[in-house]
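Notes follow once the structure below has been shown.
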Amino acid sequence: MTNVSVTVNGERYDVSDVEPRMLFSDFLRDQLGLTGTHVGCEHGVCGACTVLVNGDSVRSCLMLAVQANGAEIVTVEGLGTPEELNVLQSQFREHHGLQCGYCTPGMLMTGEDMLRKYPLATDEDIREGLSGNLCRCTGYQNIVAAIRSAAAMRTEKKS
Amino acid sequence: MKPAKFDYVSPTTLEAAIEALVASNGEGKLLAGGQSLLPLLNFRMTRPAVLVDLNGIKGLSYIEERGGSIAIGALTRHRDLEHSPLVASKLPVMSAAMRHVAHLAIRNRGTIGGSLSHADPAAELPMLSMFYDARISIQGPEGRRTIAAEEFFVDALTNCLEPEDIVVEIEFPVLVHHGWAFEEVARRFGDFALASIAVSVRRGATGLEDARIAVMGVADTPLRLREAEEELVAMALDDESPKRFSEIVVSKISPNDDLHASGEYRKHLLAQLSKRALQTALAATGRMA
């Protein structure tokens, strides 16, 4: 058993006696009660459980909770609030980028990382960035549109 | 699913990691990026008694120029290779291939040492290590040794590592070439390749002086096609070269049928990719047929 100290969405959590085999996805949901992170396939195919670890998007089902010790985490709960959505979330709403919502937390966290790391000049770039996230409702069109729009707003802000 | 129980150790030196492996009596597994190991653990396809986490060992993540080579530490993440200006300028074929390595979140975590140790026959870095004649440094209980990439891969998901060995560095000699190409087809962008080829050519006084060809997804290991390299160098360059080249490449492989594609389909893909790759490589030399 190991102790895990982790900062999630700016808040520090110290959890003792964490079983080494506990996946980080389960740690977030079951130990910290942060159920915004969804668990889909549990083998790194669907991308629903994606969170930011020290600023990088990571599949939380492909990481052990003990490996998060000392890390800075952002989950979907850390992006915005229902009253005040962040830019990407508001564009998902604007463009109807979700239906059932199961994949959405992963889409948002991946989108945040893409927006920071890549120019996303074309829709092909956006689709390539989203290639690790599965959605069975939308057909992806509106998710791509939402990210395209957020990317444009990001560019406007800079210039 | 969830992993079966295991003990977890997080050593801070290579020596301590090797000691932990020795103490595990063959029941230990190394954890680097975990992007192949965690799915295997979650499915309980592997049930190690001890997981030895390498991420606490400092000094294993670097990309540096050393003489005529680029030395890469085993814990270097795919993301770092993808965005490295040094890799882009000195190992352009690797740089181009990196965006095909899985998906963004996996590139953020996965490591080059882990990819080589896992030895998937359709993964980019094992193939690139053969393409570049990389030398793989391995540390074990007896000390350090270096193995050529071509000797390293034995079979699908099988390499010559002993249970107590750790890949610590991979050295890629910089290749002098005038044109190159990397082509890949996968079912979904970032998935494992159904077929892929890397080609580079060096121009001589007449025709080509040197060529490199590596392929993957079409055998139990990535392949370096040395015979095809010689045949390409000997070939007269004209409009028909890409087509003849694709026939040569395909004549060197005999992929099996599997769940993802038939052997015939993989051959068909590789033929098309070979044509395209040689066209691109020759165009860059200014000798486009």
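The values are calculated or read from the model by the stated rules, or taken from the named source; none is laboratory data. Remember, it's a predicted structure, so these values are computed and weren't measured experimentally. Because the Cβ atoms are built from the backbone with ideal geometry, glycine has one as well, and the counts that use them run over all protein chains shown.
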Matching residues in the range B:1-23 - criterion: being in contact (Cβ under 8 Å) with a residue 24 or more places away in the chain and within 14 Å of another protein chain (Cβ to nearest Cβ): B:M1, B:K2, B:P3, B:A4, B:F6, B:D7, B:Y8, B:V9, B:S10, B:P11, B:T12, B:A20
Filter result (within 9 Å of chain B (Cβ to nearest Cβ), in a loop (DSSP other than H, G, I, E, B) and among the hydrophobic types (A, V, I, L, M, F, W, C)) within the range A:42-71: A:V45, A:M63
I need the full set of residues from the range A:1-31 which are assigned to a loop (DSSP other than H, G, I, E, B) and touching a Ser or Thr at 6+ places or on another chain (Cβ under 9 Å), in order please. A:M1, A:N9, A:E19, A:P20
Of everything in the range A:19-41, what is within 13 Å of chain B (Cβ to nearest Cβ), over 17 Å from the mean Cα position of the chain (by Cα) and surrounded by fewer than 20 Cβ atoms within 10 Å (Cβ to Cβ)? Give them in sequence order. A:E19, A:R21, A:M22, A:D30
Go over the candidates B:G113, B:G56, B:G26 one by one and state the one that is more than 10 Å from chain A (Cβ to nearest Cβ) and surrounded by fewer than 20 Cβ atoms within 10 Å (Cβ to Cβ). B:G26
Can you confirm whether the range A:93-104 contains a residue that is part of a helix (DSSP H, G or I), of a type in the set (F, W, Y) and modelled with pLDDT of 95 or more? no
What is the number of the single condition among (1) over 27 Å from B:S36 (Cα atoms); (2) out of contact with any Gly (no Cβ under 6 Å at 6 or more places or on another chain) that A:F27 does not meet? (1)
Looking only at the range A:130-153, and only at residues there that are of a type in the set (S, T, Y) and either touching a Gly at 6+ places or on another chain (Cβ under 6 Å) or closer than 15 Å to A:Y102 by Cβ (or both), the one that is farthest from the other protein chains (Cβ to nearest Cβ): A:T138
Hey, does the range B:140-158 have a residue that's modelled with pLDDT under 95, surrounded by fewer than 16 Cβ atoms within 10 Å (Cβ to Cβ), charged (D, E, K, R) and more than 13 Å from the chain's Cα centre (by Cα)? yes
Could you tell me whether A:Q91 is of a type outside the set (D, E, K, R) and touching a Cys at 6+ places or on another chain (Cβ under 6 Å)? no
Quick one: is A:S60 among the hydroxyl-bearing types (S, T, Y), within 30 Å of B:V9 (Cα to Cα) and in contact with a helix residue (DSSP H, G or I) (Cβ under 6 Å, 6 or more places away or on another chain)? yes
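Applying the selection to the range B:29-48, what residues are within 13 Å of chain A (Cβ to nearest Cβ), in contact (Cβ under 8 Å) with a residue 60 or more places away in the chain and out of contact with any Gly (no Cβ under 6 Å at 6 or more places or on another chain)? Don't jump to the end; show me each part of the working.
Within the range B:29-48, the subset within 13 Å of chain A (Cβ to nearest Cβ) is B:29, B:31-48.
If we keep only those that are in contact (Cβ under 8 Å) with a residue 60 or more places away in the chain too, we end up with B:32-37.
Those that are within 13 Å of chain A (Cβ to nearest Cβ), in contact (Cβ under 8 Å) with a residue 60 or more places away in the chain and out of contact with any Gly (no Cβ under 6 Å at 6 or more places or on another chain): B:G34, B:S36, B:L37.
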If we only count helices (runs of 4 or more DSSP H) wholly inside the range B:1-111, which ones have 3 or more residues that are of a type outside the set (A, V, I, L, M) and not assigned by TED's automatic domain parsing to the domain that holds B:V199? B:78-83, B:85-90
Please work out which one of (1) within 14 Å of chain B (Cβ to nearest Cβ); (2) within 14 Å of the chain's Cα centre (by Cα) is the condition A:K117 fails and give its number. (2)
Would the range A:70-91 turn up any residue that is among the small types (G, A, S), assigned by TED's automatic domain parsing to the domain that holds A:E11 and within 30 Å of B:T46 (Cβ to Cβ)? yes
From the list B:H100, B:H83, exactly one residue is within 14 Å of chain A (Cβ to nearest Cβ), surrounded by 18 or more Cβ atoms within 10 Å (Cβ to Cβ) and closer than 23 Å to B:W180 by Cα. Which is it? B:H100
Only residues that are buried (at least 18 other Cβ atoms within 10 Å of the Cβ) and among the β-branched types (V, I, T): list them for the range A:105-159, please. A:T110, A:I126, A:T138, A:I143, A:V144, A:I147
Which condition number in (1) more than 14 Å from chain A (Cβ to nearest Cβ); (2) touching a Phe, Trp or Tyr at 6+ places or on another chain (Cβ under 9 Å) is the one that B:A205 fails? (2)
Check B:L175, B:L232 and return the single one that is touching a strand residue (DSSP E or B) at 6+ places or on another chain (Cβ under 7 Å) and more than 24 Å from B:A88 (Cα to Cα). B:L232
